[in-house]
Every structure is written in structure tokens, then in C-alpha cells.
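S.K.: One structure, as C-alpha cells, below. Some questions next.
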Amino acid sequence: MVAGSRESRRRARRHLTGAVREQAAGRRPGRGSAGGPYDPELFGGEVAVPRVKVHPAVLLGRGGGEAAASGPDARAGAEPRGRRRGRRVPGARFSIPQPDIGTGVMTDTAQVTLEDIREAAARIEGVAHRTPVLRSRTLDALVGAEVFLKCENFQRIGAFKFRGAYNAAARLSPQARAAGIAAYSSGNHAQAIALAARELGTSAVILMPEDTPRSKKDATAGYGAEIVTYDRYTGDRVAIGEALAAERGLALIPPYEHPDVIAGQGTAALELIDEVGALDALVAPVGGGGLMAGSATAVKGLVPGARLIGVEPEAGNDTQRSLAAGSRVAVPVPRTIADGLAANIPGELTFSINQRLVDEIATVGDDEIRAAMRLVFERLKIVVEPSGAAALAALVTGRISPVPPRVGVIVSGGNISAQRFAELLAD
Ligand SMILES: Cc1ncc(COP(=O)(O)O)c(C=O)c1O
């Protein structure tokens, strides 16, 4: 996690003070209605940001100074704290605390491993669902391959996000966990953290833009989380989230820039290969890149020759461009129906993993995503949200060539309201 500058933290506190705080108490549990958009203010502007590897300790909010975002010893087995120096990132509005490892460069050993994913799988067993793998003859014929759909729309909270959220929350030290968890998200990660906290017998505070649709706030509050809102047009959700976590002594779990979140997300691909055997390729959607980083680590660890194919919306191909450029590139904040994939710059940790393991990125348009949603609804009778249909859309529209003979697809989520689903499929 990046640390905000003194000024941005001061601004963040101001926002917090004026924020509307909504108590969850008394709300009935409900299901989410949609994956939330990535807030543009999360990112540092439309600039190419030089690649900086950040030690996981930093991502976990254990960076030193005022900005340390997480509660004490946020991660179980945490190394002792040390002095961290802030480093200014050109074009970004914040400085990144540097790790105490001499050069400031993270080694591969600090990244996520197949073993981490196996451990995450053991940790989530019996709490997360082992989701079904669905097949369709029509689909196979259409694509000209054996297609295996790993259906995370059947995961708890309706998306794969519960895997990473629960794994990261369960990895907290007992003291940090007892102090409570904070997260910033208006989408699936919000509900995932809320449910993970409930499962672990602790509390969650979720920072959401004040104009988040009521249904999403209710779904998150329904799992027992407290919701704190901020103005998305003037506030920086990372800085406000860090200030909130610091003020209350909470462990901040970000949506993808976190090794335990990434390891948890990798468990879907692990289960898929465990169930169907070796694949020639895996196709997964890419937003901030956490799902892809975890999936790629699992698949390349188990089947080194498999092709890893990420899918982004045409308007939000930041990872595709970053891979081509060899460093993280920001694109204008994308307009797409796939709100969970609307990141405009890859995460630092996720990009460092994806750069090493992902073979290619395909892009899809909104109409192609809609067509894939319709296809799985009509043929497999399943409801998938736009972000969840993107990977399949790339496969059925011929954006992936050559077609891998045995291909796994992560259908990442199904959180969409009946009204929005009908609207998207109507035209
Ligand atoms: C349904 C769905 N699919 C895919 C993604 C992208 O995941 P990541 O940000 O880990 O790349 C998200 C993120 O919110 C999502 O909600």
C-alpha cells in the first residue's frame, strides 16, 4: 500500500471528518447487485509510471511513519518493523515507502508462490465454495475447443473476491484481526471483506463513494460492515482509507495489491486444474490484476507450458499497454460496462507478477461482453456480470488465436441486478 503525502493525509482526514458514517446494525443480509467501478482518484494521473517493485510489507500497510495504514503487525508472521524512507513517484500524488532490503528491489522470493496458493486453498476450505466447472457442447462447437468454465458467479458474495479477502483476513495476527479490518471498494471486494470479517468474528469498515448505489451499500452492510462514505470527486480513496485505518487501528486490505489477496485469488485456478487436469491455456479477466496474478502463479506452477491469457475491456487496456511498454502505463479512465475491469493502471505487485507470467492480453468491446452474457444465460442458464463474462467473450469472438485445444476460463462473478441484466441484454 502506498503512503499518502502529509498534505494528502491531511485532506483525507478532513474528508473523513465530514464523511457520512452508516451503521450496519440491524440491516438484513442481502446480495450484491453489481461489481463496483474503480475510482479514478485511486490512481496518480494519466502518466507512464516507472515500474517500482514494492515489498509486500509496504503493500500490507506496514510501511513506517505516520502513513502506516494497517493495525499492529497486520500480517501473521510479520517481520519486525524498520525505518522506511519515502520515495517520490513522478506523476503520482504520493510517495512509496521503500522496504528495508538494501537495494529497494524486491526479489522473486518475496512474490506469491504456488505454495502460498496451496496454503490459501487450505485456509479457505470449508468457508469458500469450491465452485462448479461447467461445460457446454454448444460452446465447445462454437469455439472449436474443449472449454471449461470455472464459475465464480457461484462463489460466496457472488464473485471470486471472497477467496482473496478471506485469505488475507485469516492471515492477520490475532491482535490485528481482533482490531478489525478496513477496505476501500464499492464493488465485490467490499462485500468480500465484509463477509470475511463476519466469518472471522471481527468487524469491517468499508470506505465507499457517497454516490454508490443504495443496493451495493445495503449488500455490504447486510454482511455486518460499517460503511463510511467519501466524495469521489474530491477525495482520494487510498489516502482516506489509510487515514481511516490508522485512526481506528484497523488492518487495511486492498483489493489486489496484497500477496495474500493474490494467493487467495489463485485458488480458483488451482481448483480448476485439480478437477479437469492439465490445460493448454487459461483465460482470465484483468482489472487491477490480482485475479490474473494469482491464476498465473497457480497455472504456471502446475502446468509450465500453459498459455496465460488476460482479458481487458478495449477502453481499459492498461495492462496490455504496460506489458508492451515494459513498465506500468496509465490509460484514461475507461468507460465500460465491465466496471470491475475499469482500472486505468495495473497494480505494482500484480504487474510485476503478470509481466513475468502472462503470455498475452486480449481486449473485448462492451457488445462482445453482452453477447457472452447472453450466450451463457441462454445455453448454460447462468447469470454473469459483465466483468465476469469478459474472458469468455474474448474466446467466443475469436480474439484468442490460435485457439487452445483445452482451455479454462474464469467466469469471475455474477453480481448484477435483474434490472441491469435485462437492460444489458435487451438491446
Ligand atoms: C467480477 C470481477 N471480475 C474481475 C475483476 C478483476 O479483478 P482484479 O482487480 O483482481 O484484476 C473484478 C474486480 O473487481 C471483479 O469484480
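The values are calculated or read from the model by the stated rules, or taken from the named source; none is laboratory data. From a predicted model like this one, the values you see are computed outputs, not experimental measurements. With ideal geometry, Cβ positions are generated from the backbone for all residues, glycine too; neighbour counts draw on all protein chains shown.
S.K.: Which residues, counting only those in the stretch 118-161, are without any contact (Cβ under 8 Å) to a residue 40 or more places away in the chain, more than 30 Å from Pro405 (Cα to Cα) and not acidic (Asp, Glu)?
M.R.: Ala122, Gly126, Arg156, listed by residue number.
S.K.: Scan the stretch 261-299 residue by residue and report those that are closer than 19 Å to Thr113 by Cα, touching a residue at least 24 places away in the same chain (Cβ under 8 Å) and of a type in the set (D, E, K, R).
M.R.: If the condition is that a residue be closer than 19 Å to Thr113 by Cα, touching a residue at least 24 places away in the same chain (Cβ under 8 Å) and of a type in the set (D, E, K, R), then Glu271 is the only one that fits.
S.K.: Please go through the stretch 319-338 and pick out each residue that is under 15 Å from Ala284 (Cα atoms) and surrounded by 23 or more Cβ atoms within 10 Å (Cβ to Cβ).
M.R.: Correct list: Thr319, Ala338.
S.K.: Could you check the stretch 258-274 and list, in sequence order, the residues that are in contact with a Pro (Cβ under 9 Å, 6 or more places away or on another chain) and among the acidic types (Asp, Glu)?
M.R.: The answer is Asp260, and nothing else.
S.K.: Among the listed residues Ala324, Ala245, Ala269, Ala298, which satisfies the condition of being outside the structural domain of Arg118 (by TED's automatic domain parsing) and either within 13 Å of the ligand (Cβ to nearest atom) or part of a helix (DSSP H, G or I) (or both)?
M.R.: Exactly one of Ala324, Ala245, Ala269, Ala298 is outside the structural domain of Arg118 (by TED's automatic domain parsing) and either within 13 Å of the ligand (Cβ to nearest atom) or part of a helix (DSSP H, G or I) (or both), namely Ala245.
S.K.: Can we say Val403 is under 26 Å from Ser136 (Cβ atoms) and outside any helix (DSSP H, G or I)?
M.R.: It is true that Val403 is under 26 Å from Ser136 (Cβ atoms) and outside any helix (DSSP H, G or I).
S.K.: Moving to a separate point now. Surrounded by 24 or more Cβ atoms within 10 Å (Cβ to Cβ), within 13 Å of the ligand (Cβ to nearest atom) and assigned to a loop (DSSP other than H, G, I, E, B): is that true of Val384 in this structure?
M.R.: In short, yes.
S.K.: While we're on this one: Would you mind finding the one in Pro386, Pro402, Pro346 that is outside the structural domain of Ala192 (by TED's automatic domain parsing), at pLDDT 95 or above and closer than 17 Å to Arg420 by Cβ?
M.R.: Criteria check complete, one pass: Pro386.
S.K.: From the list Ala170, Ala204, Ala190, exactly one residue is within 14 Å of the ligand (Cβ to nearest atom), within 23 Å of Ile262 (Cβ to Cβ), of a type in the set (A, V, I, L, M) and in contact with a helix residue (DSSP H, G or I) (Cβ under 6 Å, 6 or more places away or on another chain). Which is it?
M.R.: Ala190
S.K.: From the list Ala128, Ala145, pick out the single residue that is within 16 Å of the ligand (Cβ to nearest atom), at pLDDT 95 or above, of a type outside the set (D, E, K, R) and more than 17 Å from Phe377 (Cα to Cα).
M.R.: Ala128
S.K.: Report the residue count in the stretch 349-379 for those that are in a strand (DSSP E or B) and either closer than 22 Å to Gln111 by Cα or in the same structural domain as Tyr233 (by TED's automatic domain parsing) (or both).
M.R.: 2
S.K.: I've got another one for you. Select, from Gly414, Gly365, the only residue that is among the small types (Gly, Ala, Ser), within 13 Å of the ligand (Cβ to nearest atom) and in contact with a helix residue (DSSP H, G or I) (Cβ under 6 Å, 6 or more places away or on another chain).
M.R.: Gly414
S.K.: Now for a different question. If I filter the stretch 331-341 for residues that are closer than 23 Å to Arg118 by Cα, in the same structural domain as Asn415 (by TED's automatic domain parsing) and either outside any strand (DSSP E or B) or out of contact with any Ser or Thr (no Cβ under 7 Å at 6 or more places or on another chain) (or both), do I get at least one hit?
M.R.: no
Listed here are the residues, each with its yes/no results for (1) crowded, with 24+ Cβ neighbours inside 10 Å; (2) over 15 Å from Val147 (Cβ atoms).
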position	(1), (2)
Arg379	no, no
Ala389	yes, no
Ala393	yes, no
Thr397	no, no
Pro402	no, no
Pro405	no, no
Gly408	yes, no
Ile416	yes, yes
